[in-house]
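In what follows, a single structure is set out as structure tokens and then discussed.
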Amino acid sequence: MLTTTLLAVLLSHGQAKATITVDTGRPGIRISPDLYGIFFEEINCGGDGGLYAEMVRNRSFEDDPKEPVHWIASTTGSMELDHENGVSAGDPTSLKMTIHPNEGSFSATNEGYWGIPLRKGARYRFSFYARSVEPNRQVEVHLLDSASAPAGGKTIAIGQTWKEYATILTSDRDDPKGALSISSHEAGTMWIDMVSLFPEDTFKNRQNGLRRDLAQKLADLHPSFMRFPGGCWVEGDTMAFSQRWKQTIGDLKDRRTQYDLWQYMSTNGLGFHEYLQLCEDIGAAPLFVINVGMSHHGVVPLDQMDPYVQDALDAIEYANGPVTSKWGTMRAANGHPGSFHLKYLEIGNENGGPNYDARYPLIAKAVKARYPDIHLIANVWGGYPTGPLTEIVDEHYYSNPQFFFDNADKYDHYDRKGPQVYVGEYACTEGCGQGNLIAAVSEAAFMTGMERNSDVVRMCSYAPLFANVEHKTWNPDLINFDNHRSLGTPSYYVQQMFSTNRGDVILPTSVRVEGVRRSEFPHGSIGVGTWGTQAEFKDIEVTVGGKTTKASLSPGAGKWEAKDGVYAQSGPDEPSLASAPVEGETYTLTLKARKTGGREGFLIYAGMSDPKTWIWWNVGGWGNRQDALERSVGGSKGLLGRSLNGSVETGRWYDVKIEYSPERIKCYLDGKLIHDETAPEPKPLDVVASRVDKTGEVILKIVNTSDAPISTTLKGLPAGVSGTRITLTSASPADENTLDDPMHVSPKTSSFTGPDFTFPAYSVTILRCRA
Ligand code: AHR
């Protein structure tokens, strides 16, 4: 069911007509060359089990101290973890295999990341460390198909001390659900560690490389920058699990296998060096995020921050320093003598408050003193550290389509005197399926605003980037994949359309749309309720057309009791609700409300047309700190207007009044007008225009956020203007791409001759022409 269509602008079918006027003679602000980038995080098995092409899961036997997870033993012989006999200090555990006399061969089989995908004729680089009690033991290594039949193998003779062995295995068949087995016949004992299998065919053919299809999808976005490694992954749940880049470089066996708060183990095989290499390979400037001594549940004492400051300095030296420097030498030893040109350093992720304000300057000062050219990014998390060291701030937006439609002009009114903005994470996360068209259209609308205001918005990146469909802990994501297929969501194509069609300077535009119905607030019932809070309500009256009646409420969620005209809610529900229908669309609701316990204030519902579509006045919401009108459409909730500071005192009766009509809502507390919101003027087209310096081409990005096509005349360009048109749309706003039909919603390119166009319902269009 698609509830989100209700969120977009509803037009009277086919009646809307628009004029877009481009002012080519009055170029405006210059567009930041780094506006469109990407954000990678180790989330959803996006790296391990995804972009990082390693096919063996739990290769170092460090994933679980109790058992060799993802490895299956044959019925003969036995295997166990050996915590005393790892191949290196960084990899202390190995797998001990015991082959009993007269039992036949023993095998340990790795199931990979939801199967090892085999392609007929494809070559795979196998390697492992091994040792045996018996000299010159013959070990068989096999690719297996899904029926456990050998699909290609080799025999390797191993000796009595740890040594790395490598060979090429070639698959003789196609099977996406293959496996890798290691077996030996001779009775006795052997150990294996760091068992690895990579396709030879990786992105740019690199060893320890990346899955070609997934990395190519990144390259095809032509990102200006790439943020890495997160996200919450930078912070970790506790400091013990935070990201420290020095544990992610050098020999793979020495890297830390680490628990990821997104619920899996990471090899750190796609580490700092591989990230920098990928940036170079796809032409993106590196934006590295360093831990600021803060995790989700822990903070490093201020007097112990030196190693974190040093980490930041050393990361820059590793990326950019001369080969004569300590970390530059290391980079060269790891295969890259030249600089990686690290450009941006973000200090922390989603950190804020006094702890962040105290730690940010420690790193910022040290970095600026040694590397004045590195651009620093500070987190916005309930504010940001102010002062000369704050150059760029990182804002995050995850919300519903309506939020992105409503905020397409957010940056038109932004403070030009403050720091520049990096919208480091944004995505439509409600009503979006697994990534559908309406989500993409809403993001596109928001992006027109960021581009138009790119003097303020220097950079932006959608988040998250990747999801393995077998381990999705966050939805939606830009690129979904399984172990051998991948797809770009409609949002992916929006990112690509915007990023590959960039101008250098904004051209002012004006948009006029006629024949658009004004949107209306819903109507139905009124109600009272709370969020994790206990409260009483009385004297609840509704006046319709001059006639006042006492409302008789029916209890919904919560623990309600009605006594002497007082409705008391004593449950912990989030939210609770008692409601009554209202005859009429325009009315005045008055009542008295008193908080008796709990964390917040109270909720006054109005215009509830169904349990998922309503408006409530949240008095003392957000931990009893703010006050706002919120609107839910089909279960997607967002702010209606602005939130204000405000809290509710326990034990005090408040007078509440709401004047409600389809066009306007006025809310009064103790007689004082607090909110006055008018149903928004529908704005079905969001537009941004730019010009390319070199070629003089004009690029228009036009987003139709409505449910009907809009016939549009383009003015300001020569009569009969012609060029290329790229359109992203689909039959339904709920349409998605799937692994079986990955291009269902994808851009179509054609040529056009202006000035008259029709922009389909829920569509994103790029027009490129010479003016
Ligand atoms: O993008 C997913 C997560 O959202 C990131 O880890 C975090 O920064 C944000 O909360």
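In terms of the Cα gyration tensor, with a ≥ b ≥ c the square roots of its eigenvalues, is the range 186-324 rounded because a/c is under 1.5, prolate because a/b exceeds b/c, or oblate? Because a/c hits 1.5 or more and a/b fails to exceed b/c, the range 186-324 counts as oblate.
Give, to the nearest whole percent, the P(r) tail of the range 135-194 beyond 13 angstrom, counting all Cα pairs. When all Cα pairs of the range 135-194 are counted, 62 percent exceed 13 Å. Volume per residue of the convex hull around the Cα atoms, evaluated for the range 314-406, comes out as 137 Å³. At a probe radius of 1.4 angstrom, the accessible area of the range 222-269 per residue rounds to 30 square angstrom.
Compactness ratio of the range 1-155: Cα Rg over 2.2 N^0.38 Å, N = residue count? Walk me through the intermediate numbers first.
Working: Rg = 27.5 Å, N = 155, 2.2 N^0.38 = 15.0 Å.
Taking N as the residue count of the range 1-155, the ratio is 1.84.
Per residue of the chain, the DSSP helices (runs of n ≥ 4 H) give a summed -39500 (n - 2.57) that works out to -4000 deg cm²/dmol at 222 nm. Label positions at N355 and S609, each projected 7 Å from the Cα along the C-beta direction, are separated by 4.4 nm. Around the Cα centre of the chain, unit charges on the Cβ atoms of Lys, Arg, Asp and Glu (plus for the first two, minus for the last two) sum to a dipole of about 1760 debye.
Look at where the Cα atoms of the range 665-724 and of the range 498-573 average out, and the two centres are 27 Å apart. A simple packing score, the average count of other Cβ atoms within 10 Å per residue, orders the peptides 429-437, 708-716, 167-175 as 429-437, 708-716, 167-175, with the highest score first. Is the range 454-571 rounded, prolate or oblate when judged by the Cα gyration tensor, a ≥ b ≥ c being the square roots of its eigenvalues, rounded requiring a/c under 1.5 and prolate requiring a/b larger than b/c? Oblate, because a/c is 1.5 or more while a/b does not exceed b/c. Its relative contact order, with pairs defined as Cα atoms under 8 Å and 6+ residues apart, puts the chain at 14 percent. Size descriptor for the range 241-303, Kirkwood hydrodynamic radius: 13.3 Å (Cα pairs only, one decimal).
Just the projected area, averaged over all directions, of the convex hull on the alpha carbon atoms of the range 533-687: how many nm²? Projected area, direction-averaged: 9.7 nm².
Based only on Cα atoms, what Rg/Rh ratio does the range 24-98 have, Rh being taken as Kirkwood's radius? If you can, show how the numbers build up before the last one.
Values: Rg = 23.1 Å, Rh = 16.4 Å.
Rg/Rh for the range 24-98 comes to 1.41.
Express in whole angstrom the spacing between the alpha-carbon centres of the range 453-469 and the range 380-433. Going from one Cα centre to the other spans 11 Å. Quarter the surface of the alpha carbon convex hull of the range 267-424 and you get the mean projected area, 11.6 square nanometres. Computed with every protein chain present, the accessible area of R485 is close to 80 Å² [probe 1.4 Å]. Under 13 Å from a label point 7 Å along Cα→Cβ of E514: give me every residue in the range 704-725 with its amide N that close. In the range 704-725, the label zone of E514 (backbone N under 13 Å from the point 7 Å along Cα→Cβ) covers 711-713. The charge dipole of the range 338-479, taken about its Cα centre with unit charges on the Cβ atoms of Lys, Arg (+1), Asp and Glu (-1) only, comes to about 560 debye.
What Kirkwood radius, in Å to one decimal, follows from the Cα pairs of the range 484-542? Walk me through the numbers before you get to the answer.
Numbers: mean 1/r = 0.0524 Å⁻¹.
19.1 Å is the Kirkwood radius here.
Scaled against the 2.2 N^0.38 Å expected of a compact globular protein of N residues, the Cα radius of gyration of the range 52-136 reads 1.18.
Counted over the range 153-242 with a bin width of 5 Å, the fraction of Cα pairs per bin, in whole percents, is 2, 8, 12, 15, 14, 13, 13, 11, 7, 2, 1, 0.
Across the range 661-710, the relative contact order, built from alpha-carbon pairs under 8 Å that are at least six residues apart, equals 25 percent.
Farthest towards the positive end of the charge dipole of the chain, among the residues P354, L180, V566, is the Cα of P354, using unit charges on the Cβ of Lys, Arg, Asp and Glu. The HN-Hα couplings worked out from phi for the range 525-535 by the Karplus form 6.51 cos²θ - 1.76 cosθ + 1.60 (θ = phi - 60°) are 10, 10, x, 10, x, 8, 10, x, 9, 10, 7 Hz, whole numbers, x standing for Gly and Pro. Remark on I377: its backbone amide H falls under 5 Å from those of L345, E346, I347, a criterion applied only to residues 5 or more positions apart or on other chains, H modelled at 1.01 Å from N. Looking at the range 54-131, the accessible area is 42 square angstrom per residue; that uses a 1.4 Å probe and ignores ligands, DNA and RNA. The HN-Hα couplings worked out from phi for the range 702-719 by the Karplus form 6.51 cos²θ - 1.76 cosθ + 1.60 (θ = phi - 60°) are 10, 10, 8, 8, 9, 8, 9, x, 10, 7, 9, 10, 9, 10, x, 10, x, 4 Hz, whole numbers, x standing for Gly and Pro. Per the Kirkwood formula applied to alpha carbons, the range 405-466 shows a radius of gyration over Rh ratio, Rg over Rh, of 1.00. Taking amide H positions as modeled 1.01 Å from N, with prolines and chain starts lacking one, the residues under 5 Å from I116 and 5 or more places away or on another chain are G178, A179. The spread of Cα positions in the range 259-360, taken along each principal axis and listed from longest to shortest, comes to 39, 31, 21 Å. Rolling a 1.4 Å probe over the protein heavy atoms of the chain, with every protein chain left in place, gives an accessible area that is 50 percent carbon and sulfur.
Top to bottom by accessible area (1.4 Å), largest first, where do K701, K163, K417, K563 land? List each step's numbers first, then the result.
Values: K701 0, K163 110, K417 190, K563 130 Å².
From most exposed to least exposed: K417, K563, K163, K701.
Across the chain the C-alpha pair distances fall into 20 Å bins from zero in the proportions 15, 40, 33, 11, 1 percent.
Once the range 684-771 is represented by equal point scatterers at the alpha-carbon sites, with solvent omitted, what log10 I(q)/I(0) does the Debye formula produce at q = 0.20 Å⁻¹? Normalising to I(0) and taking log10 leaves -0.94. All Cα-Cα distances of the range 364-510, cut into 5 Å bins from zero to the largest, leave 2, 9, 17, 19, 18, 14, 11, 7, 3, 1 percent in each bin in turn.
Under 5 Å from the amide H of G46 lie the amide H atoms of N468, each residue being 5 or more positions distant or on a separate chain, with H modelled from the backbone and absent for Pro and chain starts.
Can you give me the relative contact order of the range 258-354 as a percent, contacts being Cα pairs under 8 Å and 6 or more apart? Once divided by the residue count of the range 258-354, the mean separation gives 31 percent.
Across q = 0.14 Å⁻¹, the range 645-684 modelled as identical point scatterers on its alpha-carbon atoms has Debye log10 I(q)/I(0) values of -0.43, in the order of the q list. With one equal scatterer per alpha carbon and no solvent term, the Debye-computed log10 I(q)/I(0) for the range 82-209 at 0.18 1/Å reads -1.00.
The values are calculated or read from the model by the stated rules, or taken from the named source; none is laboratory data. None of the values given here were measured: they were computed from a predicted structure. Glycine also receives a Cβ, built like all others from the backbone with ideal geometry; neighbour counts cover every protein chain displayed. Note: accessible area is taken over every heavy atom of the protein model, side chains too, but ligands, DNA and RNA are not part of it. Shrake-Rupley method; radii C 1.70, N 1.55, O 1.52, S 1.80 Å.
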